[in-house]
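Chemist: Quick one: the structure is below, and I'll ask about it shortly.
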Amino acid sequence: MNISSALPTFVVTLREGFEAALVVGIVFACLQKAQKQEYYRWIYLGVCGGILASVSVGWFLWGSLQQIDSSQYFYAPVLKEILKTLFALVAIAMLSWMLIWMSRQAQSLKGEVEGAINSVLTNENAGKGIFLLVFIAVLREGFETVLFMAAKFQTDFISPTIGAILGLILAGLMGWALFYWGVKINIRLFFKIMGVFLLLIVAGLVISALKNLDGAVTILSQINSNYESLCIFKQGSCLLGIPIWNTSNFLPDGEFPGILFKTLLGYRDHIYLVQLIAYLLFLSIVGNLYFSSLKSKTN
């Protein structure tokens with residue numbers, strides 16, 4: 001197993017999966033308190049349904065990339081790079097939003113879920129309502145994960161999938177330990193630490209998205225000279241400008257420890273001007289929003 005490919009998905013699914021596990025655990029606790037154990041099966045169906053739907057989305061996205069990759073269409077290489085860029089941009093937006101949203105809503109999450117369950121239990125179709133609540137919670141986290149995997153990994157899906165499964169299992173065990181075994185987990189510290197890792201991982205995805213976009217425009221300009229005007233820079237990379245550094249001789253990002261820095265910090269042994277600016281801007285803007293949300297929670 002390729003650890004460098006498995007580690008990012010492990011971190012993402014551990015954090016996102018624990019969010020879903022919190023929701024599921026709160027629903028279990030609410031039903032137990034209301035002595036409505038007959039609705040437990042709807043929770044299990046919601047979890048299984050959310051996981052299956054997420055896997056289906058991931059399979060569809062991966063299949064779309066593979067189909068384009070094997071296509072004989074003249075512009076297929078350009079379409080593949082554009083599709084990878086779109087996946088990356090959506091994953092960046094969703095993961096960043098959830099990172100900030102969860103930090104702000106963590107304190108009120110229990111009350112909101114309990115309120116939703118109490119409202120659902122007054123309806124005749126309470127089981128379907130519980131299923132839908134759990135299904136959406138699991139699907140939301142799963143959708144973010146499969147988008148991240150589709151954007152970051154196109155050739156090797158085995159190692160990222162193993163990492164995702166291990167992260168999901170650990171998240172489930174943590175949720176089980178929290179609600180059923182009474183193990184005390186510092187949830188705030190957990191999300192704070194995992195949030196920093198996720199912030200850096202997504203920042204690395206910003207670099208990859210720009211590389212894919214640059215690849216699409218470069219290939220397009222090579223295929224058809226009419227599109228050469230799309231290249232902004234005449235020196236260096238087409239859209240990324242001049243190279244800032246090349247550390248491949250002494251710290252390549254395909255070997256240890258460079259590959260570990262690439263996985264967790266977004267490090268690349270080749271960095272161009274626009275990539276560096278975008279990386280720093282992302283960390284500055286989203287990082288500031290994230291840490292501000294943490295401060296506002298403690299005030």
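All of the numbers you see were taken from the coordinates with simple rules; none came from a lab. In this text, all values refer to a predicted model and were calculated from it rather than measured experimentally. Here the Cβ positions follow ideal geometry from the backbone for every residue, glycine too, while neighbour counts run over all protein chains shown.
Chemist: Among the aspartates and glutamates, which have Cα under 15 Å from the Cα of LYS192 when same-chain residues fewer than 8 positions away are ignored?
Modeler: Hits, sequence-local ones excluded: GLU16, GLU19.
Chemist: Let me ask something else. Using only DSSP helix segments of four residues or longer, with each worth -39500 (n - 2.57), what per-residue ellipticity at 222 nm results for the chain after dividing by its residue count and rounding to 500?
Modeler: Values: 8 runs with 226 residues, N = 299.
For the chain, the value works out to -27000 deg cm²/dmol.
Chemist: What lysines does LYS84 reach when the alpha-carbon gap must be under 28 Å and sequence neighbours fewer than 8 apart in one chain are set aside?
Modeler: LYS152, LYS211, LYS234, LYS262
Chemist: Tell me, what is the percent relative contact order of the chain, built from C-alpha pairs under 8 Å that lie six or more residues apart? Each step should come with its number before you reach the end.
Modeler: Details: 377 pairs, mean separation 89.7, N = 299.
Reported relative contact order: 30 percent.
Chemist: Roughly speaking, what is the centre-to-centre gap between region 20-44 and region 165-190 when only Cα atoms are used, to the nearest Å?
Modeler: That distance is 16 Å.
Chemist: Which of the lysines could be linked to LYS128 by a straight reach, that is with a Cα gap under 24 Å, when you skip same-chain ones fewer than 8 residues away?
Modeler: The qualifying lysines are LYS33, LYS36, LYS110.
Chemist: Taking square-rooted eigenvalues a ≥ b ≥ c of the alpha carbon gyration tensor, is region 23-182 rounded, prolate or oblate, where a/c under 1.5 means rounded and, failing that, a/b exceeding b/c means prolate?
Modeler: Values: a/c = 2.39, a/b = 2.27, b/c = 1.05.
Judged from the Cα gyration tensor, region 23-182 comes out prolate (a/c at least 1.5, a/b above b/c).
Chemist: Oh, and also: Which FRET efficiency value, to the nearest 0.05, do you get for GLN67 and LEU121 by plugging their Cβ-Cβ distance into 1/(1 + (r/R0)^6) with R0 = 45 Å?
Modeler: Values: r = 45 Å, r/R0 = 1.01.
Plugging the Cβ-Cβ distance into 1/(1 + (r/R0)^6) gives 0.50.
Chemist: Turning to a different aspect of this structure: Please return the longest stretch of the chain lacking exposed loop sites, where trypsin sites (Lys or Arg not before Pro) count only if DSSP places them in a loop and at most 12 other Cβ atoms lie within 10 Å.
Modeler: 1-183
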